[in-house]
Amino acid sequence: MAPFFDGIKSFADVPTEPGIDTLQFLEAAEGLVKLFDVLGNSAFKVVQSDLTGNIEKIRTRYNAAPEQSKTLESLIEFEAKEAGGDKKKRKAAEALLWLTRGLSFTAQALRRHVDNPSEELNVSFSKAYDATLSKQHGFVVRGIFSVAMKACPYRRDFAVKLYDDKSAADNSAARPELEKWLSGLERDVAQIDKFLPPYVKGF
């Protein structure tokens with residue numbers, strides 16, 4: 001097994017000027033979906049399915065008007081112009097909203113993992129979930145996520161899988177690959193959070 005970060009697009013490498021490059025961002029998001037395979041917990045399939053579905057909705061919108069959708073900002077703006085006041089036609093905006101919520105959940109969980117070396121993954125992911133997605137989920141879905149959080153691997157085991165390196169077990173978060181990828185993810189989420197709200201009012 002190759003180290004996880006060798007096989008995916010890093011968010012740190014996604015251009016963000018004059019806007020977030022749509023295709024490169026979607027490629028990085030697809031890489032993030034694979035992170036849940038590293039967690040090795042089938043309960044996270046619901047998370048992966050949701051992320052993948054929203055990625056595909058945004059990609060479908062891109063394919064419908066690639067010249068007007070080179071950045072996420074331009075894609076969302078052009079969709080809004082075409083949709084007018086019809087909220088049902090702003091499918092990419094809604095998909096980006098939910099995708100960003102999932103990315104924020106993952107980013108906050110991994111940031112806790114990095115910044116709190118004594119905290120196990122189940123705690124990091126549970127606290128991140130409480131701060132993000134739990135606010136939008138109903139009782140049943142919260143229960144599904146609760147099961148997934150409890151089944152997170154020990155941080156040392158996660159580190160060994162992430163880096164394909166047994167020595168990582170004793171230094172699980174002090175790796176530049178994770179910090180670079182995570183910082184890029186946090187940057188992209190923050191940029192989306194700045195421009196998206198006016199397009200998703202009432203969603």
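The values are calculated or read from the model by the stated rules, or taken from the named source; none is laboratory data. Just so you know, these numbers come straight off a predicted model, no measurement behind them. Cβ coordinates were reconstructed from backbone atoms using ideal geometry, including for glycine residues, and neighbour counts include every protein chain displayed.
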**Q.** Selection within region 142-160 - in contact (Cβ under 8 Å) with a residue 40 or more places away in the chain and part of a loop (DSSP other than H, G, I, E, B)
**A.** Ala151, Cys152, Pro153
Q | Within region 9-49, considering residues that are free of Cβ contacts under 8 Å to residues at least 40 places away in the same chain and outside any helix (DSSP H, G or I), the one surrounded by the fewest Cβ atoms within 10 Å (Cβ to Cβ) | A | Glu17
Q) Does region 60-76 hold any residues that are touching a residue at least 12 places away in the same chain (Cβ under 8 Å) and either under 20 Å from Thr16 (Cβ atoms) or in contact with a Leu (Cβ under 6 Å, 6 or more places away or on another chain) (or both), and which are they? A) Arg61, Tyr62, Ser69, Lys70, Thr71, Leu72, Glu73, Ser74, Leu75, Ile76
(Q) For region 100-123, give me the residue count where each residue is touching a residue at least 24 places away in the same chain (Cβ under 8 Å) and closer than 27 Å to Gly53 by Cα. (A) 14
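Conditions tested, residue by residue: (1) assigned to a helix (DSSP H, G or I); (2) hydrophobic (A, V, I, L, M, F, W, C); (3) modelled with pLDDT of 95 or more; (4) within 20 Å of the chain's Cα centre (by Cα).
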| residue | (1), (2), (3), (4) |
| --- | --- |
| Ser74 | yes, no, yes, no |
| Ala92 | yes, yes, yes, yes |
| Thr100 | yes, no, yes, yes |
| Ser126 | yes, no, no, yes |
Q | Residue tally, condition touching an Asp or Glu at 6+ places or on another chain (Cβ under 7 Å) and under 24 Å from Ala128 (Cβ atoms), over region 55-92 | A | 1
